[in-house]
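Any read-out appearing in this document is the output of simple, stated calculations on the displayed coordinates, not a laboratory observation. None of the values given here were measured: they were computed from a predicted structure. In this analysis, Cβ positions are derived from the backbone assuming ideal geometry, glycine residues included, and neighbour counts consider all displayed protein chains.
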Amino acid sequence: MNQLHPRVTIVWRVTGLLAAAILTALAGLFEVAVLLPQGDALIYPGFLVGLVALVSITLAIFWPRLRYRYWRWLVEPDRVLIQKGVLWRSRSLLPRVRIQHVDTRSSPLQRWLGLATLIIYTAGTRGADAEIPGLAAEQAEQLREELARLEELDDRA
């Protein structure tokens, strides 16, 4: 089975750190607007903010490496296999005959790092059925074309 590109951990860390900053700011706002005026500060002012910052930054730094470790994917002639999850593991088998179309997407950070996400849409679902993040941009384009080519062969048969 294939691994994602190692640079995907950078994308996950940056987005995790942005989420940590937002959570820390919200905790600070909650403490200043709600807890301190009522005299309900936990132990001392800033404790809640420090705790939220410590936990969220620690997760943002260490979780992407674990996430990367358990992400695997494989494109076979008759199916696409996606395996992921650190705590809750999932294994998805997408039959090739159910794949309707395939897209690629990349954020500015992903483009800067030369990465893209492959999005697979299958019959019978309203949205994307599966995504493979953190592929090298060229690899994502090749996989998209390969899956589209396989689907065209099915339409002709």
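In the condition set (1) within 15 Å of ILE132 (Cα to Cα); (2) touching a residue at least 60 places away in the same chain (Cβ under 8 Å); (3) not in a helix (DSSP H, G or I), PRO77 is compliant with all but (1). Take the conditions crowded, with 18+ Cβ neighbours inside 10 Å, more than 17 Å from THR15 (Cβ to Cβ), in contact with a strand residue (DSSP E or B) (Cβ under 8 Å, 6 or more places away or on another chain) and without any contact (Cβ under 8 Å) to a residue 24 or more places away in the chain and apply them to ILE119. Does it pass? Here the answer is yes, as ILE119 does meet what is asked. Among the residues of segment 94-119, those that are assigned to a strand (DSSP E or B) and under 25 Å from GLY16 (Cβ atoms) comprise ASP103, THR104, ARG105, LEU115, ALA116, THR117, LEU118, ILE119.
Scanning segment 68-95 for residues that are surrounded by fewer than 18 Cβ atoms within 10 Å (Cβ to Cβ) and of a type in the set (D, E, K, R) returns ARG69, ARG72, GLU76, ASP78, ARG79, ARG89, ARG91.
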